[in-house]
Amino acid sequence: MKSNLDLVCDTDMFPYEESDPEEYRRMHQGLYTLLWKDEAGDYPIGYILERVVKELLRCPVDIRGEVDVNEQDRTVVMLQLPTELERTAQAAKLSSYWHQKKTFKVLKGWRGELLPVYSRKGELLFSMERIALGLLGCVRYGVHMIAYVEDPSAPFGVRMWVPKRAADKSTFPGMLDNTVAGGLTTGEDPLECVVREADEEASLPDALVRRSAVRIDTITYIYITDEEQIGEADFIYPECQWVFHIALPADIVPQPKDGEVESFSLCDVDEVKRDLAAGKYKPNCALCVLDFFVRRGILTEENEPRLAEIQRRLHRELPFPGPHQPEWRAV
């Protein structure tokens, strides 16, 4: 059975330099740092695996554009074109080329969704297909919403709407999820994304979500892919999830709509705890549930001695720029 900290470790997998310097150094030995250059110098925006760099250099120049690989410093500079539109077009050429050539197994999960990459000044550098962006190790953004029903007769006075992912999902098939979740595409506001996903995945009315959904916070972590659940191992996924909660009336029942969800169940806290411990939840969804438990007073220092560490790792400082940073979130 998994502890709460185990659940965090299943998602926030990249080693911390301060607590495990040897593993941190070992991990970096197998990575190249993707740099971005501006008038003030260069800075990191992603982590790229060595096998991706090798494939990048094999691509025709017109497909990948100009690429500068520094073997000594283990850095890569690419997509340094004058405009965001040109950079996005070049990124599309590269990702489509790899997709058509079936260069990486992970690209089987092609979504047709463009995700953003930001500069340290807050500018949109370029957008790239959601799955392909994972090859560059840039920050990916999404939204998660937990729907619940207040019920004084239930343990801790609440029940949660828990979906089971469809068995044919390309990632984490058949696992438990948060009520609504999805990728935050370029230019999309988190609330608008939640409204869209709530309709597509759970048939929740637009007006209800806009009126009742409450944006809580962000959850950040660095996941490392595995072949069983993602299709290919070892890619670095720094991720930021915008978390929402919504209290639903008892007569509103989420219903599957777009085929991504098999069914919804209204579960009490004890059932959710059991399924978390059994490893039935998609890993990053488990983090959102733990955060929900903390905010509802279900998980406390009295019943979870590692609570401070858990909370710290639910809000990991990511090494790349973007709206996950505190100065962005305060806007």
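The values are calculated or read from the model by the stated rules, or taken from the named source; none is laboratory data. Because the structure is predicted, anything quoted here is derived from the model rather than measured. Counting neighbours? That spans all protein chains shown, and the Cβs are built from the backbone with ideal geometry, glycine included. Just the protein is used for accessible areas: all its heavy atoms, side chains included, with ligands, DNA and RNA removed. Shrake-Rupley method; radii C 1.70, N 1.55, O 1.52, S 1.80 Å.
Tabulated data
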read-out	value
Counted residues, the stretch 107-128 - those being touching a Gly at 6+ places or on another chain (Cβ under 9 Å), open to solvent by less than 10 Å² (accessible area, probe 1.4 Å) and not small (Gly, Ala, Ser)	4
Qualifying residue in the stretch 90-98 (condition: crowded, with 16+ Cβ neighbours inside 10 Å and in a strand (DSSP E or B))	no
Breaking point among (1) among the β-branched types (Val, Ile, Thr); (2) without any contact (Cβ under 8 Å) to a residue 60 or more places away in the chain; (3) not assigned by the TED database to the domain that holds VAL106, for VAL8	(2)
Answer from VAL261, VAL289 - the residue that is aliphatic (A, V, I, L, M), within 21 Å of the chain's Cα centre (by Cα) and at pLDDT below 95	VAL261
Residue match in the stretch 72-88 (condition: within 16 Å of ILE236 (Cβ to Cβ), of a type outside the set (Lys, Arg) and under 22 Å from the mean Cα position of the chain (by Cα))	no
Close pairs (9 angstrom Cβ cut-off, 6 or more residues apart or separate chains): at positive phi and outside the structural domain of LEU248 (by the TED database) in the stretch 170-197, charged (D, E, K, R) and assigned to a helix (DSSP H, G or I) anywhere	none
Number of the exception - VAL117 against (1) over 30 Å from ASP268 (Cβ atoms); (2) of a type in the set (A, V, I, L, M); (3) outside the structural domain of GLU50 (by the TED database)	(3)
Selection status of GLY41, over 24 Å from PRO283 (Cβ atoms) and not hydroxyl-bearing (Ser, Thr, Tyr)	yes
